[in-house]
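Chemist: This is the structure I have questions about; it appears just below.
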Amino acid sequence: MTVPVWLALAGWFVGSFARRRDAGVGNPTWQTVYCFAWLFGSVMIAFHILASYGLAYGWSHEAAIEATAEESEQVTGIRAGWGVYVNFAFAAVWLGYSTAMAISGRRWPGIDPIVFWFTAAIIVSATIVFETGAVRWISVAGIIGLMISIFLPRTSAGDH
């Protein structure tokens with residue numbers, strides 16, 4: 001895993017915890033942390049994809065699809081090069097939404113949960129299913145902590 005991916009992951013988790021901390025109450029501090037942590041993370045993932053294409057695949061889309069298909073087959077037993085397109089969709093949705101949030105200075109209630117759960121599914125797949133070692137276990141801990149914070153009710157008004 002490269003440095004931009006680690007930074008993207010940190011941005012996603014920091015932003016996601018800030019998202020939960022705000023919990024729709026409109027706290028400008030937490031919303032700002034959410035917006036800009038996610039913007040930072042999404043820029044890092046876009047940088048990672050571009051760097052991978054240039055450095056690992058020599059700007060060859062066919063090479064990227066083949067490498068993705070091989071990795072998918074090793075991990076899941078299913079040869080699926082279409083994972084490249086899932087990565088593109090993930091980066092586009094995350095970067096687009098986080099840019100929109102940064103420009104407007106707030107989350108967009110109508111689409112925020114959809115984007116959050118879509119990116120969460122990709123984060124889980126990329127870091128827990130397809131990665132090993134420290135990345136996997138740090139991500140497991142982060143996802144467990146985030147799920148606990150999401151599903152446990154808030155206990156006091158001072159918790160905002």
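Chemist: Output the residue which, of all residues in the stretch 129-160 that are open to solvent by less than 40 Å² (accessible area, probe 1.4 Å) and aliphatic (A, V, I, L, M), is modelled with the lowest pLDDT.
Modeler: Per the stated criteria, the residue is 135.
Chemist: Then there is this: Among the residues of the stretch 11-49, which ones are within 18 Å of residue 100 (Cβ to Cβ), surrounded by fewer than 20 Cβ atoms within 10 Å (Cβ to Cβ) and among the β-branched types (Val, Ile, Thr)?
Modeler: Passing the criteria: 32, 33, 43.
Residue-wise test of (1) in a loop (DSSP other than H, G, I, E, B); (2) surrounded by 12 or more Cβ atoms within 10 Å (Cβ to Cβ); (3) touching a residue at least 12 places away in the same chain (Cβ under 8 Å).
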site: 81; (1), (2), (3): yes, yes, yes
site: 84; (1), (2), (3): no, yes, yes
site: 87; (1), (2), (3): no, yes, yes
site: 92; (1), (2), (3): no, yes, no
site: 95; (1), (2), (3): no, yes, yes
site: 107; (1), (2), (3): yes, yes, yes
site: 115; (1), (2), (3): no, yes, yes
site: 121; (1), (2), (3): no, yes, no
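Chemist: Please specify each residue of the stretch 120-145 satisfying the condition of being within 18 Å of residue 72 (Cα to Cα) and β-branched (Val, Ile, Thr). Before you say what the answer is, go through the steps one by one.
Modeler: Initial filter on the stretch 120-145 (within 18 Å of residue 72 (Cα to Cα)): 121-133, 135-136.
Passing the criteria: 122, 123, 124, 127, 128, 129, 132, 135.
Chemist: Does residue 108 satisfy the criteria of being modelled with pLDDT under 95, touching a helix residue (DSSP H, G or I) at 6+ places or on another chain (Cβ under 8 Å), over 17 Å from residue 19 (Cβ atoms) and not charged (D, E, K, R)?
Modeler: Numbers: modelled with pLDDT under 95: yes; touching a helix residue (DSSP H, G or I) at 6+ places or on another chain (Cβ under 8 Å): yes; over 17 Å from residue 19 (Cβ atoms): no; not charged (D, E, K, R): yes.
Answer is no for this residue.
The values are calculated or read from the model by the stated rules, or taken from the named source; none is laboratory data. What you see is a predicted model; the values in this text were computed from it and never measured. All Cβ positions, glycine included, derive from the backbone under ideal geometry; neighbour counts span all protein chains shown. Ligands, DNA and RNA are stripped out before the accessible areas are found, and what is left, the full protein with its side chains, is counted by its heavy atoms. Shrake-Rupley method; radii C 1.70, N 1.55, O 1.52, S 1.80 Å.
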